[in-house]
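Worksheet: one structure, shown below.
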Amino acid sequence: MIAKSNLSDGLAQNNDEIFVRWNNSYLIGIEIIDDQHKVLVELTNELYRACMHGGQELDIIFKDTMSRMVDYVKFHFGFEQNMLLRVKYPKYAEHKAEHDGLIKTVLEATKSYGDNKRFVPNNFVRFLRDWIISHIGHIDKVYAAYIAEQMQKGLVTEKDILGT
């Protein structure tokens, strides 16, 4: 079973260092996915805070947080894609292609940063914020509506969502 996040709606303690404030309009109605989305938002905020501090903190914290972001994105996308397969989501291939595109971008950004190529962390954090919010708000809400409809028809159960 996947551990749920204990993040609150505040997500970060210092309001000046919140780049993406969680908003309940981002909820898709599948609790385990909503909790995972909150973790993605918090990791984005951590990347932003690293950029705000700059210098050595940027180097150390940004690299560490990017590593955790890569791991968490792979975990979240894997969970979500397996769920979509279990519920027979008809737009699975398109959804996976969206995920694959972000993973490629994150991995390329991590490599560029590690190779000391021209890389602007602030621009990457803005890209990440925009991608996450857009993906949750549009793409994920479409599959959530499909799942809700299938559940209402009795064709999908909580077991299908959780994979238990």
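Data for the structure
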{"item": "Label zone at V142, where the point sits 7 Å out along the Cα-to-Cβ direction: segment 83-110 residues whose backbone N lies under 19 Å", "result": "83-103"}
{"item": "Cross-link pairs beyond the 20 Å C-alpha cut-off, checked among K96/K141; K38/K111; K111/K141", "result": "K38/K111; K111/K141"}
{"item": "Estimated vicinal HN-Hα couplings, Hz - segment 148-164 in sequence order (Karplus 6.51, -1.76, 1.60; Gly, Pro = x)", "result": "4, 5, 5, 5, 4, 7, x, 8, 10, 10, 4, 4, 5, 6, 7, x, 9"}
{"item": "Neighbour-count order for M52, M69, fewest beta carbons within 10 angstrom listed first", "result": "M52, M69"}
{"item": "Added length on full extension, which subtracts the Cα-Cα distance from 0.36 nm per residue, N123 to F75", "result": "14.9 nm"}
{"item": "Geometric extent, Cα atoms of segment 29-162 - Rg, Dmax (angstrom)", "result": "16.5, 55"}
{"item": "For segment 29-162, size of Cβ-based charge dipole, Lys and Arg +1, Asp and Glu -1, in debye", "result": "300 debye"}
{"item": "Label-point separation, E31 to L155 (7 Å along Cα→Cβ), nm", "result": "2.6 nm"}
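None of the figures in this text is laboratory data; all of them are computed from the coordinates on show. Remember, predicted model here, so these are calculated numbers, not experimental data. Please note: Cβ atoms are built from the backbone with ideal geometry, for glycine as well, and neighbour counts cover all protein chains shown.
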